[in-house]
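The values are calculated or read from the model by the stated rules, or taken from the named source; none is laboratory data. What you see is a predicted model, and the numbers here were worked out from it, not measured in a lab. No Cβ is skipped: glycine too gets one built from the backbone with ideal geometry, and neighbour counts run over all protein chains shown. These accessible areas exclude ligands, DNA and RNA; they are computed on the full protein's heavy atoms, side chains included. Shrake-Rupley method; radii C 1.70, N 1.55, O 1.52, S 1.80 Å.
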Amino acid sequence: MSASTSSVERVARLASLIRAAGSVVALTGAGISVPSGIPDFRSPGSGLWENVDPMEVAHIDAWRADPERFWHFYGNRFQTLEGKEPNGAHAALVELERRGKLDAIVTQNIDRLHRRAGSARLVEVHGSIDTSSCLSCGARYPIAEVRRRLDASPISVPGCDCGQPLKPDVVLFGEWLSQDALSEAYALAAGADVLLCIGSSLEVHPIAQLPGVTRQNGGAVAIVTQGATPWDSRAAVKLDGDVVAELDALVAAL
Ligand code: ZN
């Protein structure tokens with residue numbers, strides 16, 4: 001890939017790859033939600049995790065040992081995410097799916113913005129804040145009900161009808177990823193002619209493994225991400241402009 005290749009040419013190249021592909025799968029990370037006002041928590045100075053150690057407060061052991069402290073932190077996180085709306089990049093993926101150009105989205109994001117934008121086939125490998133569950137009786141509650149119980153609780157811990165504290169259906173530190181979600185993500189990556197990696201540094205497991213799975217099975221890796229990734233030199237196309245502008249241009253070029 002020549003450094004002098006213009007952005008327009010790279011978008012055109014990605015569009016032709018997608019037109020020729022039998023299966024296109026998108027893999028999305030925090031970068032696609034930044035235009036919605038959700039900071040990438042691994043970016044320095046983004047605020048969310050500045051005064052806490054996420055490995056400590058967002059750990060399953062913390063939820064078990066001290067639900068009050070856990071929900072004090074997580075309740076803030078809910079509030080940060082609840083008011084946010086999908087942006088043009090989420091909408092562009094809905095449009096690709098509608099046109100039959102996108103089979104599925106595998107996302108690391110827990111913010112449920114793909115779901116709210118209207119994407120149909122979605123694999124949320126780290127879970128989602130959309131629901132919270134009771135690990136004792138298995139009951140599951142939608143986010144609006146969890147919010148109501150959180151606000152009504154004198155100790156700010158949303159509880160199940162059975163009396164136990166609820167746990168958000170996101171994968172906390174110290175928890176295993178869902179085997180079903182993982183299997184589906186690997187199968188999609190293996191079957192993809194184009195794996196379209198958007199807004200991800202491609203450094204966090206299991207997302208980091210998926211480009212390799214696609215390549216081993218003969219597919220191409222395309223990257224729409226600001227900043228470097230370990231896959232840049234092996235990517236068929238790398239777009240590093242604003243994620244909304246790049247995906248709008250892609251949709252227009254198809
Ligand atoms: Zn329960």
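Taking the criterion of being within 29 Å of Glu85 (Cβ to Cβ), more than 11 Å from the ligand (Cβ to nearest atom) and surrounded by fewer than 17 Cβ atoms within 10 Å (Cβ to Cβ), the residues of the stretch 130-162 that qualify are Pro142, Ala144, Glu145, Arg148, Asp151, Ala152, Ser153, Ser156.
Can you tell which of Ala245, Ala253, Ala220, Ala228 is open to solvent by 30 Å² or more (accessible area, probe 1.4 Å) and in contact with a Leu (Cβ under 9 Å, 6 or more places away or on another chain)?
Working: Ala245 fails: in contact with a Leu (Cβ under 9 Å, 6 or more places away or on another chain); Ala220 fails: open to solvent by 30 Å² or more (accessible area, probe 1.4 Å); Ala228 fails: in contact with a Leu (Cβ under 9 Å, 6 or more places away or on another chain).
It is Ala253.
A single entry from Gly75, Gly118 fulfils the requirement of being touching a residue at least 24 places away in the same chain (Cβ under 8 Å) and within 25 Å of Trp176 (Cα to Cα): Gly75.
Looking at the structure I just gave you, is Pro44 modelled with pLDDT under 95 and touching a strand residue (DSSP E or B) at 6+ places or on another chain (Cβ under 9 Å)?
On the way: modelled with pLDDT under 95: yes; touching a strand residue (DSSP E or B) at 6+ places or on another chain (Cβ under 9 Å): no.
Against the criterion (modelled with pLDDT under 95 and touching a strand residue (DSSP E or B) at 6+ places or on another chain (Cβ under 9 Å)), Pro44 does not qualify.
Restricting Val94, Val123 to those that are touching a His at 6+ places or on another chain (Cβ under 9 Å) and farther than 17 Å from Lys167 by Cβ reduces the list to Val94. Within the stretch 192-203, is even one residue part of a loop (DSSP other than H, G, I, E, B), touching a Phe, Trp or Tyr at 6+ places or on another chain (Cβ under 7 Å) and closer than 30 Å to Asp61 by Cα? Yes, some residue in the stretch 192-203 is part of a loop (DSSP other than H, G, I, E, B), touching a Phe, Trp or Tyr at 6+ places or on another chain (Cβ under 7 Å) and closer than 30 Å to Asp61 by Cα. Can you find a residue that is within 16 Å of the ligand (Cβ to nearest atom), closer than 21 Å to Ala62 by Cα and open to solvent by less than 40 Å² (accessible area, probe 1.4 Å) anywhere in the stretch 168-180? Within the stretch 168-180, one or more residues are within 16 Å of the ligand (Cβ to nearest atom), closer than 21 Å to Ala62 by Cα and open to solvent by less than 40 Å² (accessible area, probe 1.4 Å). Please find, within the stretch 52-74, the residue that is least open to solvent (accessible area, probe 1.4 Å) out of those that are under 20 Å from the mean Cα position of the chain (by Cα) and of a type outside the set (A, V, I, L, M). That would be Tyr74.
So is Ala252 closer than 19 Å to Ile18 by Cβ and free of Cβ contacts under 8 Å to residues at least 12 places away in the same chain or not?
Numbers: closer than 19 Å to Ile18 by Cβ: yes; free of Cβ contacts under 8 Å to residues at least 12 places away in the same chain: yes.
When the stated conditions are applied, Ala252 passes them.
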